[in-house]
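Asks: The structure follows.
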Ligand SMILES: [Fe+2]
Ligand SMILES: [Fe+2]
């Protein structure tokens, strides 16, 4: 085990060298994540209990299944992070981000525990929610899928061989694309669907914060994958692509089974076909991020993404997307990925030759208290944008003497993603763009 800077990100060791910084993009992501701090106490569940009382039995069943999934979902991700990712991603700046992510996963666990305690007053039923990964088949299958991928690299102490590195990359892809990027996104979509019906604003408000965190976690994981690909392109061969496609197909099947359970009572306004379309759409988005051909080239479904794409009446700030080749645009913050919904809308508009007038960038509001304070003066918004740019671009670090100029092979950006900013959690659903 060596503390020196390794040649490649996945080389074994425990690197402790932060200067010169080899991967400033991870440090930027860490700094951006720190700005997005929120607390469970700021989420207001006050109106949710009244909503639960007026829901139909089918809707209540959906909510109870969701709560049972939430009860353990983030703990599974946290375990993989601590037991696998932290061990093998050998850059101290990346491990700083992983430390922050681990805190955020704990925060999500606390949020869903509070949700469970609020929604499920009966102690025996609470115990059943935590036992759902064993007792409820649709949740058990999803958990088994996750556990199998955690176990797939548990015995690996070092990534010495090509086969071991491929196995690690597959674990990383699974947790980013299938678990955070599909299981969790589907769960968020149900929450936003309910909010579009005027239900559970407390849950939807908190989900907006979780959604933002999970989007950042995905962006980090995909950036690690892009870095590994630049450094070791031979890992990303046809066999790996086939495994990724099979993994995503299995994840869709697991989530579709969960959806069939959730909607088994017949929830008005939402069909199994729509959910499946959304899952396939999400999977194609993840494949595109991995620079792989979409599986079914499914168009963006109408109902779920419109509810899921803009949590909390968010404002959106355009910023570069990481990890994909192409032209770099601007120097905005990189802390958040594209909204899938907006990305597809822009693509369709481009295909149709539509000219879109871009909105002026809005100031970043990274804290709920800020968000509740109403519009900021223009000068304050500009100041926030300057701070965001300074935090985001590694080239700025070099210019200001706070670090070296980035190496020429830093990830290029071929588009933008957005920082998702929030108004008050209970401000209502932005059901359309
Ligand atoms: Fe999480
Ligand atoms: Fe996460």
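Values in this text are rule-based calculations from the coordinates and carry no lab data. Everything numeric here is computed off the predicted structure, so don't read it as measured data. Ideal geometry is used to build each Cβ from the backbone, glycine not excepted, and the neighbour counts take in all protein chains shown.
Asks: Among the residues of region 251-261, is there at least one that is touching a residue at least 24 places away in the same chain (Cβ under 8 Å), farther than 20 Å from residue 143 by Cα and touching a helix residue (DSSP H, G or I) at 6+ places or on another chain (Cβ under 8 Å)? Write out each step before concluding.
Replies: Here is the first cut: in region 251-261, the residues touching a residue at least 24 places away in the same chain (Cβ under 8 Å) are 251-252, 254-255, 257-261.
Filter once more, keeping what is farther than 20 Å from residue 143 by Cα: none.
So far as region 251-261 goes, no, none of its residues is touching a residue at least 24 places away in the same chain (Cβ under 8 Å), farther than 20 Å from residue 143 by Cα and touching a helix residue (DSSP H, G or I) at 6+ places or on another chain (Cβ under 8 Å).
Asks: If you don't mind, another one. For region 188-204, give me the residue count where each residue is more than 14 Å from ligand 1 (Cβ to nearest atom) and within 12 Å of the chain's Cα centre (by Cα).
Replies: Looking only at that region, the number is 0.
Asks: When you look at residue 62, is it in contact (Cβ under 8 Å) with a residue 40 or more places away in the chain and within 20 Å of residue 29 (Cα to Cα), yes or no?
Replies: It is false that residue 62 is in contact (Cβ under 8 Å) with a residue 40 or more places away in the chain and within 20 Å of residue 29 (Cα to Cα).
One line per residue, one yes/no per condition, for (1) away from ligand 1 (no atom under 15 Å from the Cβ); (2) within 30 Å of residue 90 (Cα to Cα); (3) free of Cβ contacts under 8 Å to residues at least 60 places away in the same chain; (4) surrounded by fewer than 21 Cβ atoms within 10 Å (Cβ to Cβ):
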position	(1), (2), (3), (4)
186	no, no, no, no
206	no, no, no, no
223	yes, yes, no, no
230	yes, yes, no, yes
240	yes, yes, no, yes
245	yes, yes, yes, yes
264	yes, no, no, yes
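Asks: Answer with yes or no whether residue 115 is under 25 Å from residue 17 (Cα atoms), in a helix (DSSP H, G or I), within 16 Å of ligand 1 (Cβ to nearest atom) and in contact (Cβ under 8 Å) with a residue 12 or more places away in the chain.
Replies: Judged against the criteria, residue 115 is not a match.
Asks: Restricting to region 125-139, count the residues that are in a helix (DSSP H, G or I) and either at positive phi or surrounded by 15 or more Cβ atoms within 10 Å (Cβ to Cβ) (or both).
Replies: Applying the first criterion (in a helix (DSSP H, G or I)) to region 125-139 yields 125-130, 132-135, 137-139.
Keeping just the survivors that are either at positive phi or surrounded by 15 or more Cβ atoms within 10 Å (Cβ to Cβ) (or both) gives 126, 128-130, 132-133, 138-139.
Residues in region 125-139 being in a helix (DSSP H, G or I) and either at positive phi or surrounded by 15 or more Cβ atoms within 10 Å (Cβ to Cβ) (or both): 8 in total.
Asks: Return the residue satisfying two criteria in turn: it lies in region 76-94 and is part of a helix (DSSP H, G or I) and more than 21 Å from residue 149 (Cβ to Cβ), and of such residues it is nearest to ligand 2 (Cβ to nearest atom).
Replies: Here the answer is 93.
Asks: Next up: Determine, yes or no, whether residue 117 is surrounded by fewer than 24 Cβ atoms within 10 Å (Cβ to Cβ) and under 23 Å from residue 55 (Cα atoms).
Replies: For residue 117, the condition - surrounded by fewer than 24 Cβ atoms within 10 Å (Cβ to Cβ) and under 23 Å from residue 55 (Cα atoms) - is met.
Asks: Conditions: (1) surrounded by fewer than 19 Cβ atoms within 10 Å (Cβ to Cβ); (2) within 16 Å of ligand 2 (Cβ to nearest atom). Residue 111 meets all but one. Number of the miss?
Replies: (1)
Asks: Another one. Working only within region 20-75, note down all residues that are assigned to a loop (DSSP other than H, G, I, E, B), surrounded by 22 or more Cβ atoms within 10 Å (Cβ to Cβ) and within 16 Å of ligand 1 (Cβ to nearest atom).
Replies: Listed by number, the residues that qualify are 38, 43.
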